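Taking it in order: structure first as structure tokens, then the write-up.
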Amino acid sequence: MNNNKNKDSFLKGAFILGMAGIIVKIMGAFFRIPLGNLIGSKGMGYYQAVYPIYTLFLTLATAGFPTALAKLVSEKNAVGDYKGVHKIFKVSYTVLFMTGLIAFSIFFFGAKEIVTAMENPDAYYAMLAIAPALLFVPMMSSYRGYFQGKKEMTKIAVSQISEQFFRVILGLGLAYVLMDKMGPKFGAAGAIAGATVGAMASTIYLVLVYISERKQRKEEKKASQHFKDETVGRILKKLLVVAIPITIGASVMPLVGMIDSMIVIRRLTEAGYTPDQALSMFGQLTGLAMSIINLPSVVTISLSMSLVPSISEAFAMGNKTKARKDTKSAIKVTLLMVLPAAFGIASLAHPIMALLYPNEPASVGTILLVLTPCVIFLGLMQTMSGILQGMGKPMVPVIALSIGMIFKVIISYTLTGIYEINVFGSALGTVTAYLVAALIELIYVKKAMNIKFSLKEFVIRPLITVTTMFVVVKLSYGLLAEIVGGKLATVLAIAIGGTVYGIVLILIGGIKKEEILTMPKGEKIYKLLKKINLMK
């Protein structure tokens, strides 16, 4: 049996991936802002025309395979069947390489036809520049799924950062050189080529790490010769059972987003707004407010990724107690992250939007305020999707999200057509969709795992903490805005809120010693808190 003592605990793994996700987001911001200035609105038009098509091809090429691979690898790893682990990886790698090759061939050789159909022929060079990424990203995904299954999250984090680093540096560098010499269509091609170079760099790193472990793998395979070989067909079937529902689930939100854009803009014009006003309102909702709402999901997605192998391993070993413990810890940690994020955004909704988008009307702050419950429900939804995938129930999140999205379409259609409610109707539809999906998943997990959630631990303590933080942030901003002005007051109020949240959480026992110890450098953090009398 594999005790995995040397591997990352799921909370430590989530922390590592979360930190990598934050670094990647920051690097992404440093890419997008100067890029617009470098290649101009025309160049961005070519860039934006190609990127969504690339994303669609990539989704179809990789599907839910990395998560399915992680699940099967963790199950085999748990019982010590390393020979099986290697075979599953080989089958997944082959499938992903083939799907990547097919996607690349259609994208590269059909580029002319695709840009002609889009009525954007000058985007052709950008299409060619990003096409090779469809060869590398599926291969990269297979290695990431393998290391995710083995709970070696540091390797995934390094690959994510290296991918983004090369994407940003070379993307901006090529955009600058090509824009200067050959104009916007080649500038956009240079910028988007960064994604190809980033994928290559990340894949090379993962391949080298994998090769460096060949001696260890050889010994592990030798020690697990007694395990029965599974056929390629059986492995493929197991992979597809998990991968297909994840792919369907990944397609639901973009599809509804597309439908929503048509509904919202049409209903706003029917309510009496001009097409320009309707487009502007929709942009404020989806492009500005939702981008803030999605920021905390960097951490909850990381938690979800870390949970899949952990829950799969517990189920493979028949250890329901560990599965229950990990599930409760994951939901508690999710609440400890999403509640302060939601209450913090709600307390400073208008100042945050004024800081980031000073030229937008005040109504954009109200849109953000209406959307803030999404932070909580989306976070819970993502964490529980990871739990359910680990349990081998990947269809539950798909059904939950699909039901939620039906609510969204109905509410968006009904309320957005009322002049006084306008775009807030779509925002309320989104909140309802995530609430419904999160509730369905929570009820299923609670029943299937037979878990009892302590009211004191999961509701009362977190609410006391975030309510205190909310009041302090509101008062701090009100006082500081008079002295230092709104922009600096917003930044300082966020810092004060974060500090108050941490102190109150520890003082009322909202976080336990064992939970701190599972974090990276947890022992040092605990000793420091003990030293300053914040923990016993």
Residues meeting the amide H criterion for K151 (H placed from the backbone, H to H distance under 5 Å, 5 or more places apart or on another chain) are none
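For the chain, what is the accessible area per residue in Å² when the probe is 1.4 Å?
Each residue of the chain exposes 46 Å² on average to a 1.4 Å probe.
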Carbon/sulfur accessible area of the chain, % of total, 1.4 Å probe, equals 69 percent
Rounded to one decimal in nm, the spacing of the 7 Å Cα→Cβ label points at K228 and Y210 is 2.8 nm
Karplus ³J(HN,Hα) for the stretch 190-207 (6.51 cos²θ - 1.76 cosθ + 1.60, θ = phi - 60°; Hz, whole; x = Gly/Pro) runs x, 4, 6, 5, x, 5, 5, 5, x, 5, 4, 4, 5, 5, 4, 4, 5, 4
When the charge dipole of the chain is computed with +1 on Lys and Arg Cβ and -1 on Asp and Glu Cβ about the Cα centre, the Cα farthest towards its positive end, among S329, A316, I387, belongs to A316
Computed over the Cα atoms of the stretch 256-336, the Rg and Dmax in Å are 20.6, 61
Among GluC sites (Glu not before Pro) in the stretch 173-233, those in a DSSP loop whose Cβ has at most 16 other Cβ atoms within 10 Å are E213
Sequence order, the stretch 480-497: Karplus ³J(HN,Hα) from phi using 6.51 cos²θ - 1.76 cosθ + 1.60, θ = phi - 60°, Hz rounded, Gly and Pro as x, gives 5, 4, 5, 8, 10, x, x, 5, 5, 4, 4, 4, 5, 5, 5, 5, 5, x
Dividing the alpha-carbon radius of gyration of the chain by 2.2 N^0.38 Å, where N counts its residues, gives 1.00
Sorted on mean Cβ neighbours within 10 Å (highest first), peptides 484-494, 149-159 come out as 149-159, 484-494
One finds the C-alpha centres of the stretch 386-402 and the stretch 117-165 to be spaced, in Å, by 25 Å
Computed ³J(HN,Hα) along the stretch 164-174: with the Karplus parameters 6.51/-1.76/1.60, θ = phi - 60°, integer Hz and x for glycine or proline, the list is 5, 4, 5, 4, 6, 5, 6, x, 5, x, 5
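The values are calculated or read from the model by the stated rules, or taken from the named source; none is laboratory data. Worth saying up front: this structure is predicted, and the values here are computed from it rather than measured. Ideal geometry is used to build each Cβ from the backbone, glycine not excepted, and the neighbour counts take in all protein chains shown. In case anyone asks, the SASA skips ligands and DNA or RNA and just uses the protein heavy atoms, side chains included. Shrake-Rupley method; radii C 1.70, N 1.55, O 1.52, S 1.80 Å.
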